[in-house]
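Heads up: the structure comes next, in structure tokens.
The values are calculated or read from the model by the stated rules, or taken from the named source; none is laboratory data. Treat the numbers as computed from the prediction; the structure is a model and nothing was measured. Using ideal geometry, Cβ is built from the backbone for each residue, glycine included, and neighbour counts are taken over all protein chains shown. Note: areas computed on protein heavy atoms with side chains; ligands, DNA, RNA excluded. Shrake-Rupley method; radii C 1.70, N 1.55, O 1.52, S 1.80 Å.
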Amino acid sequence: MNRTPVVLIHGAWLHALSWQSWIDRLAGRGFEVVAPGWPGEPPTVGEARSPSVTTPSLGLDGLTDHYASVARSFDAPPVIIGHSVGGLVAQHLLDAGLGRAAVAIAPAPIAGAPPAPELTGRAVRSVPPDSPDDGTATVSLSVEEFRACFANAVPEEESSCLFRHYVIPSSGHLLSDLVREDVTCHPRRRVDTRNARRGPLLLISGQEDRMVPDSVTRSVYKLYGDSTATSDLKQFPDRAHSLTVDSGWRSVADHVLLWLALQGIHGTEP
């Protein structure tokens with residue numbers, strides 16, 4: 001029996017360790033799961049927060065190419081699951097034929113979708129004007145900001161715990177790539193939503209999400225309406241942007257497992 005590969009892509013402000021519960025859950029169903037961090041991401045949250053750590057320049061090109069390389073490393077195209085910016089990358093890789101199927105959870109908007117002001121606006125507001133122009137500037141969330149725009153649907157104590165365990169600074173360069181709109185839109189945000197040859201896609205939103213509002217994800221879903229390829233939408237009520245990592249993560253992961261099974265995709269296959 002062969003194990004079906006799965007690549008997990010985390011989003012801005014979360015460390016790769018935030019996927020550990022998903023890794024255990026999916027591996028328990030027979031999948032071969034990897035959750036590589038972003039290029040240059042230190043192995044621990046503490047190291048990623050350290051002022052002594054020099055963050056390499058990372059934009060949307062570098063992030064997408066990194067995970068494209070990961071996807072190509074398998075003998076067969078993997079299932080690609082991404083959260084936030086990772087959900088945007090997952091859609092791009094699926095469109096490029098590098099994924100067997102993709103799940104985009106509260107994804108940063110693709111070209112043509114409405115903006116997500118809380119996500120993209122933080123790059124504009126948070127990178128100081130005198131920051132270095134070499135792309136190494138980072139954007140951090142305070143515990144209060146994380147609570148307000150990321151974990152607003154869980155108790156304050158849980159939000160603080162999530163912050164301690166998983167939150168790290170994010171690349172200002174990458175966030176700036178998400179701000180560009182219209183004719184200057186970053187090419188890695190462009191997806192052929194009419195592509196009929198791609199694998200199945202599941203979009204997931206939290207209806208209390210302030211970082212990437214449910215309305216944005218619904219608009220993305222509508223953009224895929226002209227494709228004959230499978231495109232599905234699942235909305236979770238009373239869930240916010242932390243839905244992959246907070247105490248309700250398992251309901252999201254189990255829905256993904258159910259959806260994969262409906263597509264004929266299982267952890268172990270002949």
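Of all residues in the range 23-57, those being in contact with a Ser or Thr (Cβ under 8 Å, 6 or more places away or on another chain), open to solvent by 40 Å² or more (accessible area, probe 1.4 Å) and either of a type in the set (A, V, I, L, M, F, W, C) or modelled with pLDDT of 95 or more (or both) number 1.
Go through the range 5-33 residue by residue and tally those that are more than 15 Å from G87 (Cα to Cα) and either in contact with a strand residue (DSSP E or B) (Cβ under 6 Å, 6 or more places away or on another chain) or of a type in the set (F, W, Y) (or both). Counting residues in the range 5-33 that are more than 15 Å from G87 (Cα to Cα) and either in contact with a strand residue (DSSP E or B) (Cβ under 6 Å, 6 or more places away or on another chain) or of a type in the set (F, W, Y) (or both) gives 9. One residue stands out in the range 1-37 among those that are within 21 Å of A48 (Cα to Cα) and among the polar types (S, T, N, Q): the one that is nearest to the chain's Cα centre (by Cα), namely S18. Find the residue count for the range 141-159, including only residues that are open to solvent by less than 40 Å² (accessible area, probe 1.4 Å) and in contact with a helix residue (DSSP H, G or I) (Cβ under 6 Å, 6 or more places away or on another chain). Final tally of qualifying residues: 4.
Among the residues of the range 163-188, those that are of a type in the set (V, I, T) and at pLDDT 90 or above comprise V167, I168. Based on what the data block shows, is L60 aliphatic (A, V, I, L, M), surrounded by 16 or more Cβ atoms within 10 Å (Cβ to Cβ) and touching a strand residue (DSSP E or B) at 6+ places or on another chain (Cβ under 9 Å)? Answer is no for this residue. When S247, S242, S215 are checked against the criterion of being under 30 Å from S140 (Cβ atoms), open to solvent by less than 10 Å² (accessible area, probe 1.4 Å) and touching a residue at least 60 places away in the same chain (Cβ under 8 Å), S242 stands alone in meeting it.
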